[in-house]
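S.K.: I am attaching a structure below and will ask some questions about it afterwards.
None of the figures in this text is laboratory data; all of them are computed from the coordinates on show. For clarity, every value in this text was computed on a predicted model and none was experimentally measured. Cβ atoms come from the backbone with ideal geometry, glycine included; neighbour counts cover every protein chain shown.
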Amino acid sequence: MKTLWLKVASMFRLNLMIAVLLSVTVIAFLWYRYGMDDIYAINPATYPYIVAQTDSVDGGASVINMIRTDSSIIMDYELREGYPYPYASLQFYLGDGKTHGKDLSKYDSIYLWIKPRGEGAVRLYLRNWDSSISKIEDQSSLKFNELEFYPLEETYPAVFVPQEFRVASWWVSQNNVSAHKARVDLSNIPLIEIQTGTNAPLGYGTLEILGIKFKGKLISSENLMFSLIGLWFFSFFFYLMLRIRDYNIQRTTERKKREELEKNLLALEVKKDEFEKSSKEDPLTGCLNRAGFSSVLTREQERLNKNGSPLSYIILDIDHFKDVNDTWGHSVGDEVLVNLSKLVQSRIRNTDALVRWGGEEFVVLCSDTPLQNAQFLAEKLRQNIENTELISQQKVTCSFGVAEMVAGEDSKKLFERADKALYASKQSGRNRVTSAAFKKR
């Protein structure tokens, strides 16, 4: 009777806990979907830290007049000759306007209500302070995260996401900034600038800015998910502790033995999977080896023979690879192989298979790909390899042979055709792509 009561009590606790967790989860997701908004808004009509600026600071002759209304701020300007790229802009200072601004990286949407009274695009700059680049005495050293657009009707805001911004190339060049530092960064924005766009026409124009708003969530979707997962995990953990209290020592011992057995079985499965994976992979490059390639080829041949799904081979061979090993050593040669495999793997589809056939020779098995598409892919790979610094010591190129399998064709025959095409590329001067068409005998 006591055992039955414990089972009933345990089931009631479990059902109650799941009901509460489901309710909390649903409420949290609804709150995140329809609320939990974090909004930072700027009302230009009342915002006090706005400065009008033209190309006159750079020696130009353009002029500007800033007018506040009850609902907006108006920028009347005249762009004049005298500066290579005449411009007029309004600058909104955040924080101290220099080194400490506003963290806008947590917002996922940017709304800008703007009404143009002239032609041309508008630039939006989110200027970032980076202590390793920016200088207090030089405002132009603030990073130019830029976006250029054509405004909509005044009743509709222009809506952007942070991913649409890029760092101005002229600023990167002017400040000799590395590629790592040239990434968009909205974590410390002391200055927002709205400016006339590229090739703005000379003469009079007007921009009326009605509002700027940044919108995001109080917590990110990832943090919400992790919080809910943690809640479920710790709730079930607590429930498990209660269950363990209800069991006697004998059942606890049996459970531990069962868990140990399951753990050992899982470890054996993991070892088995690791062994099977290692037996099918090239240890240097991580590509498939011939054993791993065999199973993929068999599957694709069955698809070809069954439904006619096209299947193509691309063979690529590193040009003058022996010279690389002889000149720079085998460690540099290995570096070429590893970097080449990474480059090719990043340019092909997940459904394609990259195989290290042997030495400096690789094969790309392209499923559901006719000859013309495979030839196009090979040419793109050839250009990418030629334009990429695989090693610092010298330029590396590859020659390619391409062939398409026909239904019923032996894989050795296909490889021979592709290999002949590769040989033709080598004979024709290397660093080129040659295709081999199927010929009936």
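S.K.: Mind listing whichever residues of segment 339-372 are closer than 22 Å to K412 by Cα, free of Cβ contacts under 8 Å to residues at least 24 places away in the same chain and of a type in the set (D, E, K, R)?
M.R.: Passing the criteria: only D352.
S.K.: Condition first: among the hydrophobic types (A, V, I, L, M, F, W, C), touching a residue at least 12 places away in the same chain (Cβ under 8 Å) and under 15 Å from G211 (Cα atoms). Now tell me which residues in segment 66-82 satisfy that.
M.R.: If the condition is that a residue be among the hydrophobic types (A, V, I, L, M, F, W, C), touching a residue at least 12 places away in the same chain (Cβ under 8 Å) and under 15 Å from G211 (Cα atoms), then I73, I74, M75 are the ones that fit.
S.K.: Next question, about the same structure. Looking only at segment 53-72, count how many residues are in a loop (DSSP other than H, G, I, E, B) and either within 41 Å of the chain's Cα centre (by Cα) or crowded, with 16+ Cβ neighbours inside 10 Å (or both).
M.R.: Number of matching residues: 5.
S.K.: What's the number of the only condition in (1) in contact (Cβ under 8 Å) with a residue 12 or more places away in the chain; (2) out of contact with any strand residue (DSSP E or B) (no Cβ under 7 Å at 6 or more places or on another chain) that L288 fails to meet?
M.R.: Going through (1) in contact (Cβ under 8 Å) with a residue 12 or more places away in the chain; (2) out of contact with any strand residue (DSSP E or B) (no Cβ under 7 Å at 6 or more places or on another chain) one by one, L288 breaks only (2).
S.K.: Okay, moving on. Of the residues that sit in segment 21-37 and are over 27 Å from the mean Cα position of the chain (by Cα) and in contact (Cβ under 8 Å) with a residue 24 or more places away in the chain, which one is farthest from F234 (Cα to Cα)?
M.R.: Within segment 21-37, the match that is farthest from F234 (Cα to Cα) is A28.
To keep it simple, each residue is scored yes or no on (1) without any contact (Cβ under 8 Å) to a residue 12 or more places away in the chain; (2) touching a Gly at 6+ places or on another chain (Cβ under 7 Å); (3) not hydrophobic (A, V, I, L, M, F, W, C).
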site: A374; (1), (2), (3): no, no, no
site: E386; (1), (2), (3): no, no, yes
site: G401; (1), (2), (3): no, no, yes
site: E416; (1), (2), (3): yes, no, yes
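S.K.: Restricting the first residue to segment 419-439 and requiring it to be within 13 Å of I314 (Cβ to Cβ), which pairs with a second residue that is charged (D, E, K, R) and in a loop (DSSP other than H, G, I, E, B) meet a Cβ separation below 6 Å and a spacing of at least six or different chains?
M.R.: Pairs found: S425/R432.
S.K.: Also, I was wondering about something else. Within segment 293-311, restricting attention to residues that are free of Cβ contacts under 8 Å to residues at least 60 places away in the same chain and part of a helix (DSSP H, G or I), which residue is surrounded by the most Cβ atoms within 10 Å (Cβ to Cβ)?
M.R.: Filtering first and then ranking leaves S294.
S.K.: I would also like to ask the following. Can you name every residue in segment 163-212 that is under 25 Å from D130 (Cβ atoms), charged (D, E, K, R) and not in a loop (DSSP other than H, G, I, E, B)?
M.R.: E164, R166, E193
S.K.: Among the residues of segment 116-175 satisfying the criterion of being charged (D, E, K, R) and touching an Asp or Glu at 6+ places or on another chain (Cβ under 8 Å), which is farthest from Y77 (Cα to Cα)?
M.R.: D130
S.K.: For V159, state whether it is buried (at least 17 other Cβ atoms within 10 Å of the Cβ) and of a type in the set (V, I, T).
M.R.: No: the conditions fail for V159.
S.K.: Any idea how many residues of segment 350-381 are surrounded by fewer than 20 Cβ atoms within 10 Å (Cβ to Cβ) and closer than 17 Å to D319 by Cβ?
M.R.: Total meeting the criteria: 5.
S.K.: If you scan segment 75-92, which residues turn out to be touching a strand residue (DSSP E or B) at 6+ places or on another chain (Cβ under 6 Å), surrounded by fewer than 18 Cβ atoms within 10 Å (Cβ to Cβ) and of a type outside the set (D, E, K, R)?
M.R.: none
S.K.: How about segment 112-129: which of its residues are surrounded by fewer than 17 Cβ atoms within 10 Å (Cβ to Cβ) and either among the hydrophobic types (A, V, I, L, M, F, W, C) or under 22 Å from Y40 (Cα atoms) (or both)?
M.R.: If the condition is that a residue be surrounded by fewer than 17 Cβ atoms within 10 Å (Cβ to Cβ) and either among the hydrophobic types (A, V, I, L, M, F, W, C) or under 22 Å from Y40 (Cα atoms) (or both), then K115, A121 are the ones that fit.
S.K.: Going by the structure shown, is S134 loosely packed, with under 15 Cβ neighbours inside 10 Å and not aliphatic (A, V, I, L, M)?
M.R.: Taking the combined requirement at face value, the residue does not satisfy it.
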